[in-house]
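Computed from the coordinates by the stated procedures, all read-outs in this text should not be read as laboratory data. Predicted, not measured: the structure shown is a model, and the values here were computed from it. Every residue, glycine as well, gets a Cβ built from its backbone with ideal geometry; the counts of neighbours run over all protein chains shown.
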Number of protein chains: 2
Amino acid sequence: MASLLQTTSRTWAEVEQMLASGDVQGKLAKEDLPTPALCVDLDALNGNIQRMATYARDHGRALRPHGKSHKCSQIAHLTLQAGAAGACSAKLGEAEAFAAAGIDSILVTTPMVGRHRIERAVRLASRISDLILVLDHAQNADDLNAAAAAAGVQLHVALDLNVTNRTGVAPGADAIALAEHVARLPHLTLKGIQAYAGHASHVIGFAERAASSLEAMAPAIATRRALEAKGIPCPWLSGASTGTYNIDGEMDGLTELQPGSYLFMDLDYDRIGGPTGDRFDDFANSLTVLSTVYSMPGREQAILDAGLKAFATDMPFPPVVKGIEGAVYSFAGDEHARLDVRRSSLPVALGDRLELVIPHCDPTVNLYDRIFATRGQQVEAVWRIDARGMST
Amino acid sequence: MASLLQTTSRTWAEVEQMLASGDVQGKLAKEDLPTPALCVDLDALNGNIQRMATYARDHGRALRPHGKSHKCSQIAHLTLQAGAAGACSAKLGEAEAFAAAGIDSILVTTPMVGRHRIERAVRLASRISDLILVLDHAQNADDLNAAAAAAGVQLHVALDLNVTNRTGVAPGADAIALAEHVARLPHLTLKGIQAYAGHASHVIGFAERAASSLEAMAPAIATRRALEAKGIPCPWLSGASTGTYNIDGEMDGLTELQPGSYLFMDLDYDRIGGPTGDRFDDFANSLTVLSTVYSMPGREQAILDAGLKAFATDMPFPPVVKGIEGAVYSFAGDEHARLDVRRSSLPVALGDRLELVIPHCDPTVNLYDRIFATRGQQVEAVWRIDARGMST
């Protein structure tokens, strides 16, 4: 009987030492990784970074990639090196982690409500050169202004505009009234508008998606123009997502793109379709979970070591095995998955290590403490997901 | 306009200092916690711990609570203080974390396949007094035996019996052949059988659940008897879950219970029903996520700061607001939720902090780095979820 041992030449003690020191380049292979392991293919990631950077530059837009997708300051730095204007974070905790890693232009895309959040936000504003906070309520503006006055700082703020039935002030009269209110507060500087139409990003079919985003974003652009007409400067309008980057990026009046998932891609984004086909393939799938077959009860199914705790499960479709056709994954509890291998294009055996493409990248990344940056079968770097779990 | 500030008397700087030092008792309130925050009610938790311990003692069974639910060695220690025989872990990484925290009897409930996993398992076996590994394949037994021989240790192993269409050797002839194989390997000591019928645990209706578990477990008990009849000692049969503890715990031949979710409970377990009603209320819901309303676009809905990254989403029902009837939660992206408050029994306002009962406890706990142990409105301790993310 063949042994079920990995073919790696490293001992675990050697691998553990490399992982602890971070000194892996030229020494560590995918075969050495403990599974489940979150991996990013460096060539695909770098291609995605360059492609979006080129688009933004060619269209005269600033690019501020959303850190809620990667939660990893080393990836944020790669986008900055490729010309990004800064980073977005969804939560203040993420912004604090990015700031600690030397990133000094950060837009926090959700409102700062509560005394402690405001205290934290004011402190962060005094530590980095360009923190932008969003707000959607006059009282919250007053609270921010009072805290800024007490701390002796000037806060950069933007209107959070409700274009997706979530947070935000309504476009038009309500937004204008709020901007006028903010303009009177001495410790707040109104930078402009954030308008994130998240629902549009996942509409299937390019024409349908374009129509949805145009409908959502038109009131934002109109609000920006109305503010300028009233003499309230509004030089900045940030929006767009991976699904709408080349829709919103063509709109006159939007100045900044804030996509995130394009770095990794996932099965959900694959299926939204592009201008010329059913598959949205502007960016490559760079992210996978490496998993091991650790039980094989009969020839029909393999049991994998990556279950509910290895993937976000909010999408109605499961992970897909990379490089094998017809092997069907289904969740089998917190730590297990079943792989139906009856129609698998390749044999699957106990001990095999398989790569799985991810249904939804953002909340899956949030399950892992580190991401292995790979090139072919080699691991070139281990990056800490330093904003993982920073949801406050 | 009323300020949207928390009523806490603490500054964030004071709270941050308390969280960093862990010195919180008598000083920190729920009101002070950054949200989303994972909280456990100490009275409910301790009641659950005592109730299961009493049941096991009264029925002459050992109790080995499953650490995949809590991933927190401080909670494991509470169960040990109440008489538990040890801990279960689903993965070796969890066992390593528990061992580092001084727990020295651990059953790892999934097989150790792969050279590195085996090297790690052998190392852990040399560090704690009672590590029990499960196996379902003769070659894996040979690999474990060879590694144990090389390291000069004796490994305690158990047959992982397939009673739930997942991992494990088939009960009956296959299991007996594997046990005979293991019995011949000098560096493995066969402790007995693990038979975990996970599917039975979630069957709705007590009688239906009892029938399902009996059908699954009967072959395990028969296999144990057949081994004993052949002169292969099998003193130990571990199984049962929160849903079946008082079904399997009545079975002649099962020696140990390994439930986990009873510590916290969740909406999924609430609905499986008990012997006398539609609600399974043997244990209390002790676990909640504290969340803040951070946007209020109109009077009909409140936007919360706890979305897909704050809850596991594998169940087909959403979190439920504790203490308010008729406020309906729905996920609204990675960081947001919508609360429909049109039929809410209490008013909900911007800045309010709400507690949410969790659909599925285990994978939700795995999203958080710490758990706040509360009594009433006070935080009595902050426990690190030290095995969080330890999925390898």
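Observations
- P(r) tail, region A:263-355: Cα-Cα pairs separated by more than 22 Å, 31% of all pairs.
- Here the peptides A:70-83, B:168-181 are ranked by packing, the mean other Cβ count within 10 Å, and the order with the highest first is A:70-83, B:168-181.
- Inter-copy label distances at residue A:14, shortest first and taken from points set 7 Å along Cα to Cβ: 5.5 nm.
- Note: relative contact order over chain A, using C-alpha pairs below 8 Å and six or more positions apart, is 21 percent.
- Rg/Rh for region B:128-177, where both radii come from Cα atoms and Rh is the Kirkwood radius: 1.02
- Among chain B residues, the beta-carbon with the smallest distance to the axis carrying B onto A is reported, with distance in whole Å, as B:313, 3.
- All Cα-Cα separations within the protein assembly as shown were binned at 10 Å from zero, giving a P(r) of 3, 13, 23, 24, 19, 11, 5, 1, 0, 0, each value a whole percent of the pairs.
- Lys pairs, chain B - Cα-Cα below 23 angstrom, 8 or more residues apart or on other chains: 12
- As a rough footprinting exposure proxy, the listed residues A:214, A:308, B:159 were ranked by other beta carbons within 10 Å of their own, and the order from fewest upward is A:214, A:308, B:159.
- Plainly put, the tip 7 Å out from Cα toward Cβ on residue A:340 is 3.4 nm from that tip on each other copy, the closest given first.
- Fewest neighbouring Cβ atoms within 10 Å first, the residues B:270, A:278, B:362 line up as A:278, B:270, B:362.
- Rg ratio for region B:45-266: its Cα radius of gyration over 2.2 N^0.38 Å, N being its residue count, equals 0.96.
- For residues of A:220-230, the mean tally of beta carbons on other chains within 10 Å: 0
- Sequence-separation-based contact order of region A:104-213, relative, with Cα cut under 8 Å and 6+ spacing, percent: 23
- Counting only DSSP beta bridges with both residues in the protein assembly as shown, the antiparallel share comes to about 50 percent.
- Stokes-Einstein translational diffusion, region B:309-392 - Kirkwood Rh over all Cα pairs, 1.002 mPa s, 20 °C, in µm²/s: 147
- Inter-chain Cβ neighbour average for residues B:293-301, partner chain, 10 Å: 5
- Cα centre as origin, Lys/Arg/Asp/Glu Cβ charges: region B:45-266 dipole, Debye: 400
- Distance between the 7 Å Cα→Cβ label points at residue B:344 and residue A:328: 4.3 nm.
- All other residues whose Cβ lies under 12 angstrom from that of residue B:53 are scored, Lys and Arg at +1 and Asp and Glu at -1, for a net of +3.
- Ranked from shortest, the separations from the 7 Å Cα-to-Cβ label point of residue A:376 to its equivalents in the other copies are 6.7 nm.
- Mean-position separation - Cα centroids, region B:215-283 and region A:239-306, in angstrom: 41
- The calculated pair-distance distribution of region A:214-271 uses every alpha carbon pair, bins of 5 angstrom beginning at 0, and gives 4, 18, 25, 19, 14, 10, 5, 3, 2, 0 percent.
- Relative contact order, percent, region A:75-117 [alpha-carbon distance under 8 Å, six or more residues apart]: 40
- At 0.890 mPa s and 25 °C, Stokes D of region B:68-130 from Kirkwood alpha-carbon radius, µm² per second: 208
- Each of B:204, A:49 has some number of other Cβ atoms within 10 Å of its Cβ, and from fewest to most they run B:204, A:49.
- Two-decimal Rg to Rh for region A:146-281 - Kirkwood Rh, Cα set: 1.05
- Helix-only mean residue ellipticity at 222 nm for chain A, each DSSP H run of n ≥ 4 adding -39500 (n - 2.57), per residue, nearest 500: -9500 deg cm²/dmol
- Spatial separation of Cα centroids for region B:327-383 and region A:111-141, in angstrom: 22
- Local net charge near residue A:353, Cβ-Cβ under 11 Å (Lys/Arg +1, Asp/Glu -1): -4
- Candidates A:56, A:234, A:108 compared by Cα position along the dipole of region A:46-263: farthest toward the positive end lies A:108, with charges placed on Cβ.
- Residue-averaged beta-carbon neighbours from other chains (10 angstrom radius) around A:346-359: 1
- Quarter of Cα convex hull surface for chain A, i.e. mean projection, nm²: 20.5
- About the Cα centre, charge dipole magnitude for chain A (Lys/Arg +1, Asp/Glu -1 at Cβ), debye: 420
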